[in-house]
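> Just dropping this structure here.
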Amino acid sequence: MHHGDGRRTRRHAVLGLAALSLAGCNRHKPPIQVALHISSDGDELAFKPEHLSCPSGAQVQLFFHHAGQILSDPHDWVLLAPGHLKAFLADADKAPDDTVIPAHDKAMVLAATPLCGKQHTVMVQFIAPAPGNYDFVCSVPGHGETMRGTLTVTA
């Protein structure tokens, strides 16, 4: 009788572990993959479109295309943490033209593409933040005043 109780205990332990590992499968499903596409509005200092959206937690690949034909200024796409738009733009306007993100502003930035020359495309990957509205801008001095938009992250 003592021998049978040991087998029953082991069987319950094995079944319990199997149930835990199955429950774990549901919690760790792979993140949603999202591809976002945005460009400069030709030679205008504007993004097209000005509004993007994705779900929170998604693995985002954002492709930015510099659609300019005439102006040779590069552009980039910088996603900012909430509440940092004015401070970031003030610092970016004082930075050298080849600086994407001023070093002391890195904490304000959630994601950024490299600088992109006209008729080229660059990409950045990031995990979409918590639900809310996030500003994005071009960090090239003088561009962020009009070259900006909003990423809406949904629950």
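> Take the stretch 110-138 and flag every residue that is in a loop (DSSP other than H, G, I, E, B) and either under 21 Å from residue 70 (Cβ atoms) or touching a Pro at 6+ places or on another chain (Cβ under 7 Å) (or both).
Across the stretch 110-138, the qualifying residues are 115, 117, 118, 119, 120, 128, 138.
> Specify the residue that is nearest to residue 149 (Cα to Cα); the eligible residues are those in the stretch 49-93 that are part of a loop (DSSP other than H, G, I, E, B) and among the hydroxyl-bearing types (Ser, Thr, Tyr).
That would be 56.
> (1) out of contact with any helix residue (DSSP H, G or I) (no Cβ under 8 Å at 6 or more places or on another chain); (2) under 23 Å from residue 152 (Cβ atoms); (3) surrounded by 12 or more Cβ atoms within 10 Å (Cβ to Cβ): which one isn't true of residue 68, the others all being true?
(2)
> Only residues that are hydroxyl-bearing (Ser, Thr, Tyr), over 11 Å from the mean Cα position of the chain (by Cα) and at pLDDT 95 or above: list them for the stretch 97-133, please.
121
> If I filter the stretch 71-101 down to residues being of a type in the set (D, E, K, R) and surrounded by fewer than 17 Cβ atoms within 10 Å (Cβ to Cβ), which single residue comes out as farthest from residue 114 (Cα to Cα)?
Here the answer is 86.
> Right, residue 62: touching a residue at least 40 places away in the same chain (Cβ under 8 Å), over 25 Å from residue 34 (Cα atoms), out of contact with any Gly (no Cβ under 8 Å at 6 or more places or on another chain) and of a type outside the set (D, E, K, R) or not?
In short, no.
The values are calculated or read from the model by the stated rules, or taken from the named source; none is laboratory data. On a predicted model such as this, the values are computed, not experimentally measured, just so you know. So basically every Cβ, Gly included, is an ideal-geometry build from the backbone, and we count neighbours across all protein chains shown.
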